[in-house]
Amino acid sequence: MEHLSDTVDLNAYFQRIGYSGDCCATLQTLQAIHLCHTKAIAFENLTSLLKQPVCLNLKSLSRKLINERRGGYCFEQNLLLRSVLLALGFKVKNLAARVL
């Protein structure tokens, strides 16, 4: 269950990705947010290259990806997007994958 401190600032996120559409949990909304997110937030692994910890809590993710306008690892991006989708009322199933 999400806690109040685990909610994302939707307005800041939408501004960051350039999304101004509907906020209803529909397929059209999901497709539009997904497209905007991937266009606006790049894959980035500078944090680990600089030997800094990669923090996966929502506060850290929001600061890095939204406020600092940086990119992030797939885990960082997916956790941020997950929080956005949950806040909008989507049901989200967590999956993990790796390359062998």
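If you line up the long axis of helix 27-40 against the longest principal axis of the chain, both from Cα atoms, how many degrees apart are they, to the nearest 10? Approximately 30 degrees, to the nearest ten.
Potential lengthening of the chain between Thr7 and Leu95 amounts to 29.6 nm, from the contour at 0.36 nm per residue minus the alpha-carbon distance. Residue by residue, region 91-96 carries 3J(HN,Hα) couplings of 8, 10, 10, 6, 10, 10 Hz when phi is fed to the Karplus relation 6.51 cos²θ - 1.76 cosθ + 1.60 (θ = phi - 60°); x denotes Gly or Pro.
Report the calculated FRET efficiency for Arg63 and Ser20 (r = Cβ-Cβ distance, R0 = 35 Å), to the nearest 0.05. Working shown, then result.
Numbers: r = 23 Å, r/R0 = 0.66.
The calculated FRET efficiency here is 0.90.
Which order results if Val92, Val8, Val99 are arranged by neighbouring Cβ count within 10 Å, fewest first?
Values: Val92 12, Val8 24, Val99 3.
Fewest-to-most Cβ neighbours within 10 Å comes out as Val99, Val92, Val8.
Among Asp22, Asp9, the order by Cβ neighbours within 10 angstrom, fewest to most, reads Asp22, Asp9.
Quick one: compute the contact order of the chain, relative version, from alpha carbon pairs under 8 angstrom and 6+ residues apart, as a percent. Walk me through the intermediate numbers first.
Details: 86 pairs, mean separation 33.3, N = 100.
Reported as a whole number, the value is 33 percent.
Cut-off is 10 Å between beta-carbons; in what order do Leu80, Leu85 appear when sorted fewest neighbours first? Could you put the intermediate results ahead of the total?
Numbers: Leu80 23, Leu85 18.
Fewest-to-most Cβ neighbours within 10 Å comes out as Leu85, Leu80.
Extension gain, Asn45-Gln31: 0.36 nm per intervening residue step, less the Cα-Cα distance, totals 2.5 nm. Build a GNM of the chain with springs between Cα atoms under 10 Å apart, and of Leu61, Leu81, Leu50 the one that fluctuates most is Leu50.
Computed from the coordinates by the stated procedures, all read-outs in this text should not be read as laboratory data. Here the structure is a predicted model, which is why all the values come from computation and not from measurement. So basically every Cβ, Gly included, is an ideal-geometry build from the backbone, and we count neighbours across all protein chains shown.
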